[in-house]
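Q: Got a structure here, written out as structure tokens. Questions coming.
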Amino acid sequence: MAVLTLAWGCSSDNDGNEEQWNGSTFAPADKPAWAVDWTSTATKPDWKTPDLSKYELNMYFLVELDEEAARYSTDEDVMAMFINGECRDVTVHRNILPDNVVFMLYFKGSSSEVGKPLELRYYCDKLHYMSTITSFTTFVPNSDNSPIKDFTKVLHLGDGSAKYPVCTQLTVMMPQKLPFTVSGNDMLAVYVGNECRGVGKKAETQDCWQVPAYSAQQGDIAQIRYYSAEKSGVYSILKTVKLGGTPQQENISF
């Protein structure tokens, strides 16, 4: 029993009273509106498309904004594709579909550039936010019967972020013993200081959360916070996490 008590970070008094949890602190709170603040200070770029007549091969690509990015998208946004550091297409036209926002890029390259990495750059005017995704995909000329799904990618707001260039994919493992009953309204977030750097998504098949945690540099120290709908409050996990920029698993206790 002593081993179990240590493993779950809790203890019971001799009078049989309610267990005391020492792996976290608790504060009553309404359901939080946790979200990463992507607001930045980037200026709108003046990308120029070069003379494309010297290139003999064509390629199109569809870039779909994820749900978070689409919320901030406006007609002032700009997207461009680069090969070898040279801008090959600039588009400001958003295709607003019933379920998503899509940019279509149409650009050209030479036979010597087939297989070369493409670089996608995206500017969100509402947030003054810039992202640059190197090795977005490779230059593969389209044929007349190329399926569109093979030339479509989803852009997540944190991809290639200039504000938070380091993304650590965290798997947060929950203990078997909890001071609350898990609810579909629960939330989990990662904080660096007082800034939210990632909001988790509960895995359907196991007791864990998947969290993309963003930081300005490798080695930032983060804290995990958990909102329990049943308890109407936030548990701040005392164990800290070092964001290393590579996938990592963290076991927490309450």
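Q: Within segment 17-36, identify whether any single residue is assigned to a strand (DSSP E or B), under 29 Å from S161 (Cβ atoms) and either modelled with pLDDT of 95 or more or touching a strand residue (DSSP E or B) at 6+ places or on another chain (Cβ under 8 Å) (or both), and answer yes or no. Steps first, please.
A: Looking only at segment 17-36, we keep the residues that are assigned to a strand (DSSP E or B), and these are 20-21, 24-28.
This time we only want the ones that are under 29 Å from S161 (Cβ atoms), so: none.
No - not one qualifying residue is present in segment 17-36.
Q: Here is a follow-up. Condition first: part of a loop (DSSP other than H, G, I, E, B) and hydrophobic (A, V, I, L, M, F, W, C). Now tell me which residues in segment 129-171 satisfy that.
A: Initial filter on segment 129-171 (part of a loop (DSSP other than H, G, I, E, B)): 139-147, 156-160, 162-165.
Selection gives F139, V140, L157, A162.
Q: Of T171, T246, T205, which residue is surrounded by fewer than 16 Cβ atoms within 10 Å (Cβ to Cβ), touching a strand residue (DSSP E or B) at 6+ places or on another chain (Cβ under 9 Å) and not acidic (D, E)?
A: On the way: T171 fails: surrounded by fewer than 16 Cβ atoms within 10 Å (Cβ to Cβ); T205 fails: touching a strand residue (DSSP E or B) at 6+ places or on another chain (Cβ under 9 Å).
It is T246.
Q: Ok, one more. From the residues in segment 50-88 that are more than 26 Å from P147 (Cβ to Cβ) and part of a loop (DSSP other than H, G, I, E, B), which one is modelled with the lowest pLDDT? Lay out the reasoning, then the answer.
A: Residues of segment 50-88 more than 26 Å from P147 (Cβ to Cβ): 50-51, 53-54, 68, 71-72, 74-78, 84-87.
Okay, now just the ones that are also part of a loop (DSSP other than H, G, I, E, B), so 50-51, 74-77, 84-85.
On the way: P50: 86, D51: 89, T74: 95, D75: 93, E76: 95, D77: 96, N84: 91, G85: 92.
Checked segment 50-88; the qualifying residue modelled with the lowest pLDDT is P50.
Q: While we're on this one: Can you tell me which of D89, D77 is closer than 19 Å to D159 by Cβ, over 23 Å from the mean Cα position of the chain (by Cα) and not polar (S, T, N, Q)? Quick ask: steps written out before the conclusion?
A: Details: D77 fails: over 23 Å from the mean Cα position of the chain (by Cα).
Result of the check over D89, D77: D89.
Q: Which of the residues that make up segment 91-115 are of a type in the set (S, T, N, Q) and surrounded by fewer than 18 Cβ atoms within 10 Å (Cβ to Cβ)? Let's see the steps before the verdict.
A: Keep residues of segment 91-115 that are of a type in the set (S, T, N, Q), which gives 91, 95, 100, 110-112.
Result: N95, N100, S110, S111, S112.
Q: For segment 179-195, name all the residues that are surrounded by fewer than 19 Cβ atoms within 10 Å (Cβ to Cβ) and hydrophobic (A, V, I, L, M, F, W, C).
A: Those that are surrounded by fewer than 19 Cβ atoms within 10 Å (Cβ to Cβ) and hydrophobic (A, V, I, L, M, F, W, C): F180, V182.
Q: What are the residues in segment 72-90 that are loosely packed, with under 12 Cβ neighbours inside 10 Å and under 21 Å from V36 (Cβ atoms), if any?
A: Selection gives T74 alone.
The values are calculated or read from the model by the stated rules, or taken from the named source; none is laboratory data. On a predicted model such as this, the values are computed, not experimentally measured, just so you know. Note that each Cβ is placed from the backbone with ideal geometry, even for glycine, and that neighbours are counted across all protein chains shown.
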